[in-house]
Amino acid sequence: MKKTLAYIRPYSGGLTLGLVTKTVGSAAELVLPYILSYIIDDLTPLKDSGRIYLMGGLMLFFALVALGGNIWANRLSAKVAGNMTHDIRYDLFRKTSYLKCSQVDEVTMPSLISRLTSDTYYVNQMVARTMRMGVRAPILLLGGLVFCFLLNVQLALVLLAVVPIVAVPLYLITRKSVPMYMTVQKSGDNMVRSVQEDITGIRVIKALSKTEYENKRFEKVAGDLASTEFRAQRIMSLTNPLTSLILNLGLVGVIVAGAFLSSEPGDITGFLTYFTIVLNAMLGISKIFVIISRGAASSERIERVLALDESETVEERPEGTPGCAIEFRDVSFSYNGKEDNLYGISFALERGQSLGIIGATGCGKSTVINLLMRFYDVSGGAVYVDGKDVRSVPSAELRKKFGAVFQNDFLMAASVRENIDYGRNLSDGQIMRAAECAQAKEFIDGLAGGLDYDLAQKAGNLSGGQKQRLLVARALAGDPEIIVLDDSSSALDYATDSKLRRALTREYASSTKVIVAQRVSSVKGCDLIMVLDDGRVSGMGTHEELMKNCGEYRAIAETQMGVAE
């Protein structure tokens, strides 16, 4: 937890002030029973009303100090914990944004979401509650014992004997609970994954009438989470009743001892009050153990992500073929490090040329894009952009060259302008030029407000084709050197797709283009077409060459466009 707790340092002033205030308030509470005992045993028999009123006023003063101190300290604890959690969430989100794709695959996206939300919440609760009860409870416990000795040593020894009997079970229970809460958090990741899948695929679920099926799946995931949490809570739930039982037995022992020792009524009254204070302090400490157990488990999960090294190595490597905008040289790649997903991929494009990639689903088309933009590093061979190995170019510098549309791309719940601009401060002229080329201008002009039209979440108020055209417009708006379109026209009709391809050739003639598609019509005009089959190149050439020499490509073309083509 060291790295997580280090986030408190910038707020050490508020932390210190909160601890001091809480200490003063707690100490003021401890004085009250002692004054009460003094009034009952020493002042009441003398019937000295003046001193009684004076001591009563003093009790009121300490009561107000305790009240004000505790309220102020609680507010400070909430502020410190809130600011700390804000910083942790910011750094965790930033770290997540820069993680390498392989690291995201390893941690999993649902787990990252869970760590950003529920784990940071539990850390917040751990800090806030510890600043409140974690300070107050020990002070009341130790202070209560001290005042008990001041009142009556024999009775205090009875109470003191009870404390170790409570402390040992609390330690053993807490030690066992931390790994159990780690399991709970993993089950929470599974539930987040299930919810994410169901919300994303809600239309498919409804279309296939599988609502009840998904409800049963979710019930199982939620049940697993509930059962693991129940097992953890079952262990931790022993703390309160066990503490209460032991301390209440101790209370009985104090009363019996007081009767045999013929103690003063004020001592007995004060002692019972202090015993109640000690009892509540022990219960508070037991609650703190529960909160710290869960917070420690969450803190460990957060620190694992923060400890990941997201930096990509940049090192000098041999250059590629001069004059080539893009070059793959005998590239192989494996996602899991065991079985290759690409084998011996080689091709070269000059600036302004276009590459079409076609093949069956899962053949490795998107993997080529991932390697080109260095979302993953090659297992063998090399990828070059402008003659430089992508591993020798900083990622930020490399990706500025690209304008890309991916298969599962996203649109924000924001205006059309904000979605195309995406924080680049582009002019309306640049935005509309890109929109016109992407064949999106016509439908944008028809929207209420045009560029200022607000999209719903996931652009639910647009059709599939409209979404794809906006995504293409966003990729083109920055006038990129390399345009990557990964299955970005699948929702477009053939006429619109044809207009888009002609506009790209006309308006972005100097840009190198990589087009991944399922349609032959989308790639037939490319300077080079690569046919992939299970990670291997089964054909390479122009449309005409492949129609003659590549049976797989010819079969796709004949299926889609007819034998005459």
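The values are calculated or read from the model by the stated rules, or taken from the named source; none is laboratory data. Computed from a predicted model, the values in this text were never measured in an experiment. Ideal geometry is used to build each Cβ from the backbone, glycine not excepted, and the neighbour counts take in all protein chains shown. The protein model used for the area step is the full one, side chains on, heavy atoms only, and it has no ligands, DNA or RNA in it. Shrake-Rupley method; radii C 1.70, N 1.55, O 1.52, S 1.80 Å.
Residue 251: part of a helix (DSSP H, G or I), at pLDDT below 70 and open to solvent by 30 Å² or more (accessible area, probe 1.4 Å), yes or no? Working first, answer last.
Values: part of a helix (DSSP H, G or I): yes; at pLDDT below 70: yes; open to solvent by 30 Å² or more (accessible area, probe 1.4 Å): yes.
Criteria met by residue 251.
Can you find a residue in the stretch 488-507 that is at pLDDT below 90, open to solvent by 30 Å² or more (accessible area, probe 1.4 Å), under 25 Å from residue 533 (Cα atoms) and touching a strand residue (DSSP E or B) at 6+ places or on another chain (Cβ under 8 Å)?
no
Within the stretch 37-46, is even one residue open to solvent by 40 Å² or more (accessible area, probe 1.4 Å), free of Cβ contacts under 8 Å to residues at least 40 places away in the same chain and farther than 14 Å from residue 269 by Cβ?
Scanning the stretch 37-46 turns up at least one residue that is open to solvent by 40 Å² or more (accessible area, probe 1.4 Å), free of Cβ contacts under 8 Å to residues at least 40 places away in the same chain and farther than 14 Å from residue 269 by Cβ.
State the number of residues belonging to the stretch 322-339 that are modelled with pLDDT under 90 and in contact with a Gly (Cβ under 9 Å, 6 or more places away or on another chain). First the steps, then the outcome.
First, the residues of the stretch 322-339 that are modelled with pLDDT under 90: 322-323, 335-339.
From what is left, the residues that are in contact with a Gly (Cβ under 9 Å, 6 or more places away or on another chain) are 322-323.
So the count comes out to 2.
Picking from 187, 227, 194, which residue would you name as being modelled with pLDDT of 75 or more, in contact with a Phe, Trp or Tyr (Cβ under 8 Å, 6 or more places away or on another chain) and either closer than 28 Å to residue 112 by Cβ or outside any loop (DSSP other than H, G, I, E, B) (or both)?
None of the other options fit; the residue is 194.
Which one of these is in a helix (DSSP H, G or I), aliphatic (A, V, I, L, M) and touching a Gly at 6+ places or on another chain (Cβ under 8 Å): 104, 123?
Working: 104 fails: touching a Gly at 6+ places or on another chain (Cβ under 8 Å).
Just a single option satisfies the conditions, and that option is 123.
Quick check: is even one residue across the stretch 543-565 surrounded by 16 or more Cβ atoms within 10 Å (Cβ to Cβ), touching a helix residue (DSSP H, G or I) at 6+ places or on another chain (Cβ under 8 Å) and not in a helix (DSSP H, G or I)? Before the answer, list the steps.
Going residue by residue through the stretch 543-565, those that are surrounded by 16 or more Cβ atoms within 10 Å (Cβ to Cβ) are 543, 546-547, 550, 552-554, 556-557.
With touching a helix residue (DSSP H, G or I) at 6+ places or on another chain (Cβ under 8 Å) added as a condition, the list becomes 543, 546-547, 553-554, 556-557.
Still in the list and also not in a helix (DSSP H, G or I): none.
Within the stretch 543-565, none of the residues are surrounded by 16 or more Cβ atoms within 10 Å (Cβ to Cβ), touching a helix residue (DSSP H, G or I) at 6+ places or on another chain (Cβ under 8 Å) and not in a helix (DSSP H, G or I).
Please go through the stretch 445-480 and pick out each residue that is among the charged types (D, E, K, R) and crowded, with 18+ Cβ neighbours inside 10 Å.
Step one: list which residues in the stretch 445-480 are among the charged types (D, E, K, R), which gives 445, 452, 454, 458, 467, 469, 474, 479.
If the condition is that a residue be among the charged types (D, E, K, R) and crowded, with 18+ Cβ neighbours inside 10 Å, then 467, 469, 474 are the ones that fit.
Could you say which residue among 442, 436 is among the acidic types (Asp, Glu), modelled with pLDDT of 90 or more and open to solvent by 40 Å² or more (accessible area, probe 1.4 Å)? Reasoning before the result, please.
Working: 442 fails: modelled with pLDDT of 90 or more.
Among 442, 436, only 436 is among the acidic types (Asp, Glu), modelled with pLDDT of 90 or more and open to solvent by 40 Å² or more (accessible area, probe 1.4 Å).
Please tell me if residue 538 is in contact with an Asp or Glu (Cβ under 6 Å, 6 or more places away or on another chain), open to solvent by less than 60 Å² (accessible area, probe 1.4 Å) and not basic (Lys, Arg).
It is true that residue 538 is in contact with an Asp or Glu (Cβ under 6 Å, 6 or more places away or on another chain), open to solvent by less than 60 Å² (accessible area, probe 1.4 Å) and not basic (Lys, Arg).
If you go through the stretch 52-108, how many residues are open to solvent by 30 Å² or more (accessible area, probe 1.4 Å), over 18 Å from residue 19 (Cα atoms) and polar (S, T, N, Q)?
Within the stretch 52-108, residues that are open to solvent by 30 Å² or more (accessible area, probe 1.4 Å), over 18 Å from residue 19 (Cα atoms) and polar (S, T, N, Q) number 3.
Give all pairs with beta carbons closer than 8 Å in which a residue from the stretch 521-540 that is closer than 23 Å to residue 334 by Cβ meets a residue that is assigned to a loop (DSSP other than H, G, I, E, B) and among the polar types (S, T, N, Q); count only pairs at least 6 apart in sequence or on separate chains.
535/341
Does the stretch 278-296 contain at least one residue that is under 31 Å from the mean Cα position of the chain (by Cα), basic (Lys, Arg) and surrounded by fewer than 21 Cβ atoms within 10 Å (Cβ to Cβ)?
Taking the stretch 278-296 and keeping what is under 31 Å from the mean Cα position of the chain (by Cα), we get 284-296.
Adding the requirement that they be basic (Lys, Arg) leaves 287, 294.
Filter once more, so that each one left must be surrounded by fewer than 21 Cβ atoms within 10 Å (Cβ to Cβ): 287.
Within the stretch 278-296, one or more residues are under 31 Å from the mean Cα position of the chain (by Cα), basic (Lys, Arg) and surrounded by fewer than 21 Cβ atoms within 10 Å (Cβ to Cβ).
Find all pairs meeting these conditions: Cβ atoms under 6 angstrom apart; at least six residues apart or on different chains; first residue within the stretch 299-318 and over 21 Å from residue 81 (Cα atoms); second residue modelled with pLDDT of 90 or more and open to solvent by 50 Å² or more (accessible area, probe 1.4 Å).
Close Cβ pairs (under 6 Å, with a partner that is modelled with pLDDT of 90 or more and open to solvent by 50 Å² or more (accessible area, probe 1.4 Å)) amount to 314/394.
Please verify whether the stretch 202-224 includes one or more residues that are modelled with pLDDT of 75 or more, part of a helix (DSSP H, G or I) and in contact with a Leu (Cβ under 9 Å, 6 or more places away or on another chain).
Within the stretch 202-224, none of the residues are modelled with pLDDT of 75 or more, part of a helix (DSSP H, G or I) and in contact with a Leu (Cβ under 9 Å, 6 or more places away or on another chain).
If we only count strands (runs of 3 or more DSSP E) wholly inside the stretch 340-416, which ones have 3 or more residues that are at pLDDT 90 or above and crowded, with 22+ Cβ neighbours inside 10 Å? Outline the logic, then answer.
Details: elements: 342-350, 354-359, 380-385, 402-405.
Here the list reads 354-359, 380-385.
In the stretch 61-90, which residue that is charged (D, E, K, R) and in contact (Cβ under 8 Å) with a residue 40 or more places away in the chain is nearest to residue 127 (Cα to Cα)?
Only one residue tops the list, namely 79.
With the checklist (1) under 24 Å from residue 11 (Cβ atoms); (2) surrounded by 15 or more Cβ atoms within 10 Å (Cβ to Cβ) in hand, flag the one item residue 111 doesn't pass.
Evaluating residue 111 over (1) under 24 Å from residue 11 (Cβ atoms); (2) surrounded by 15 or more Cβ atoms within 10 Å (Cβ to Cβ) leaves (1) as the failure.
Here's a check for you: in the stretch 510-535, which residue that is farther than 16 Å from residue 472 by Cα and of a type in the set (Gly, Ala, Ser) is most open to solvent (accessible area, probe 1.4 Å)?
Filtering first and then ranking leaves 510.
So in the stretch 125-167, with the set limited to residues that are open to solvent by 30 Å² or more (accessible area, probe 1.4 Å) and of a type in the set (S, T, N, Q), which one is nearest to residue 35 (Cα to Cα)?
The residue in question is 154.
For the stretch 131-148, check the following and say yes or no: at least one residue is over 30 Å from residue 269 (Cα atoms) and either at pLDDT below 90 or touching a Cys at 6+ places or on another chain (Cβ under 8 Å) (or both). Reasoning before the result, please.
Initially, the stretch 131-148 is screened for residues over 30 Å from residue 269 (Cα atoms), giving 131.
Remaining after also requiring either at pLDDT below 90 or touching a Cys at 6+ places or on another chain (Cβ under 8 Å) (or both): 131.
Yes.
Cβ contacts < 9 Å: first residue closer than 20 Å to residue 510 by Cβ and among the charged types (D, E, K, R), restricted to the stretch 338-355; second residue assigned to a loop (DSSP other than H, G, I, E, B) and open to solvent by 20 Å² or more (accessible area, probe 1.4 Å), any location; separation 6+ or different chain. Result?
Cβ pairs passing all conditions: 350/323; 350/527; 351/323; 351/386; 351/481; 351/510.
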